[in-house]
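Q: Let me give you the structure first, and then I'll get to my questions.
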Amino acid sequence: MPSVIAFLSRMSPDYQRPYLDALRRALPGETIAPLAALSASQREQVRVAVVANPDPADVAALPGLLWIQSLWAGVESLVAALGPGSPPIMRLIDPEMSRTMAEAVLAWTYYLQRDMPRYARAQTQRVWAQHPYRKPSQTHVGLLGLGELGQVAAARLREAGFVVRGWRRSPKTLDGIETFSGEDGLNAMLGSSDIVVSLMPLTAQTRGMLDAGRLARMKAGASLINFSRGPIVVTSALLDALDRNHLSHAVLDVFDVEPLPVDSLLWSHPQVTVLPHISAPTDHETAAQVIARNLREFRETGRIPGNVDLARGY
């Protein structure tokens, strides 16, 4: 039976409009609207809310809310904002997002493997210099995180010919991928990888995970790609490792504060590439289809979905 679905977001109206339009196309006949557009009686009817960094007060304004569907894959901010009393949360698991992230991982791994930062610096100095070519088969890429995003990225890198290794907190076996777990496994992977890619969720355990000690364990001359969350990397320690040339380059798409403050040293550092959180944007249309399937399953079975462990934060 169709009901009212609340769309809770702090996006600007122009930014949220494509999401609302896609959801309405995927769920014809439904009432899908921002909280401000719902009457008091409609708010009481809401059982499901689609959210993107919502105001916790807006969530609390829905007394009959049974579960929450996030528009993002990362939900650490949502979990922290709503606290342990939150209704079950379903994070977005969209194959298109996994494909897009794998594409970004491969693109920026190529960028580092082909020594593009070195050639970019040479251009600013008008220096014509050719450097030895390093094949993908000679380049060891270490992935931190082997969830949905990490597994697809690992497969894409392997198909491109890179030597791929992966680490996660608990053991996992993947075809053609050497996997590590635990502290000893983390040290082994960091010390043997030419390029380290972070795809970890942000939790109490991963905050500050790549600190001065762990960055020092990385292979001399290695590079870092952070496509996970900014606080996983200790920025001051990263800048120190780059300044000492222990690490050669860092591609950063996520930061402690976003947008990145204009006075951040990262903007002008010659060994840092700054990206404005664009590695794997949510696709309006495919996200809406995923959410529609989740809602239909809920209506058919009565089971409240929830794939986020509130205690772990992801």
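Q: Among (1) part of a strand (DSSP E or B); (2) free of Cβ contacts under 8 Å to residues at least 40 places away in the same chain; (3) not basic (Lys, Arg), there is one condition SER223 misses while meeting the rest; what is its number?
A: Answer for SER223: the failing condition is (2).
Q: Sticking with this structure for a sec: Report, by residue number, each residue of the range 276-314 that is open to solvent by less than 20 Å² (accessible area, probe 1.4 Å) and within 30 Å of GLN125 (Cβ to Cβ).
A: Once the filter is applied, which keeps residues that are open to solvent by less than 20 Å² (accessible area, probe 1.4 Å) and within 30 Å of GLN125 (Cβ to Cβ), the range 276-314 yields only SER279.
Q: Check the range 269-280 and report whether any residue there is among the small types (Gly, Ala, Ser) and either farther than 30 Å from TYR19 by Cβ or over 17 Å from the mean Cα position of the chain (by Cα) (or both).
A: Checked the range 269-280: no residue is among the small types (Gly, Ala, Ser) and either farther than 30 Å from TYR19 by Cβ or over 17 Å from the mean Cα position of the chain (by Cα) (or both).
Q: Would a scan of the range 252-272 turn up a residue that is part of a helix (DSSP H, G or I), touching a Pro at 6+ places or on another chain (Cβ under 8 Å) and not hydroxyl-bearing (Ser, Thr, Tyr)?
A: Scanning the range 252-272 turns up no residue that is part of a helix (DSSP H, G or I), touching a Pro at 6+ places or on another chain (Cβ under 8 Å) and not hydroxyl-bearing (Ser, Thr, Tyr).
Q: Among helices (runs of 4 or more DSSP H) lying entirely in the range 9-74, which contain 1 or more residues that are over 29 Å from the mean Cα position of the chain (by Cα) and not assigned by the TED database to the domain that holds SER228?
A: 40-45
Q: Given (1) part of a helix (DSSP H, G or I); (2) surrounded by fewer than 20 Cβ atoms within 10 Å (Cβ to Cβ), where does GLY85 come up short, assuming only one miss?
A: Among (1) part of a helix (DSSP H, G or I); (2) surrounded by fewer than 20 Cβ atoms within 10 Å (Cβ to Cβ), the lone unmet condition for GLY85 is (1).
Q: Identify all residues within the range 121-162 that are among the aliphatic types (A, V, I, L, M) and open to solvent by 50 Å² or more (accessible area, probe 1.4 Å); write none if there are none.
A: Scanning the range 121-162 gives VAL127, VAL152.
Q: Condition test on GLU103, is it within 30 Å of TYR19 (Cβ to Cβ), of a type in the set (D, E, K, R), touching a residue at least 40 places away in the same chain (Cβ under 8 Å) and in contact with a Pro (Cβ under 9 Å, 6 or more places away or on another chain)?
A: Considered against the rule, which asks whether it is within 30 Å of TYR19 (Cβ to Cβ), of a type in the set (D, E, K, R), touching a residue at least 40 places away in the same chain (Cβ under 8 Å) and in contact with a Pro (Cβ under 9 Å, 6 or more places away or on another chain), GLU103 comes out as no.
The values are calculated or read from the model by the stated rules, or taken from the named source; none is laboratory data. Every value quoted in this text rests on a predicted model; they were computed, and no experiment measured them. A quick note on method: Cβ atoms are made from the backbone with ideal geometry, for glycine too, and the neighbour counts reach across all protein chains shown. These accessible areas exclude ligands, DNA and RNA; they are computed on the full protein's heavy atoms, side chains included. Shrake-Rupley method; radii C 1.70, N 1.55, O 1.52, S 1.80 Å.
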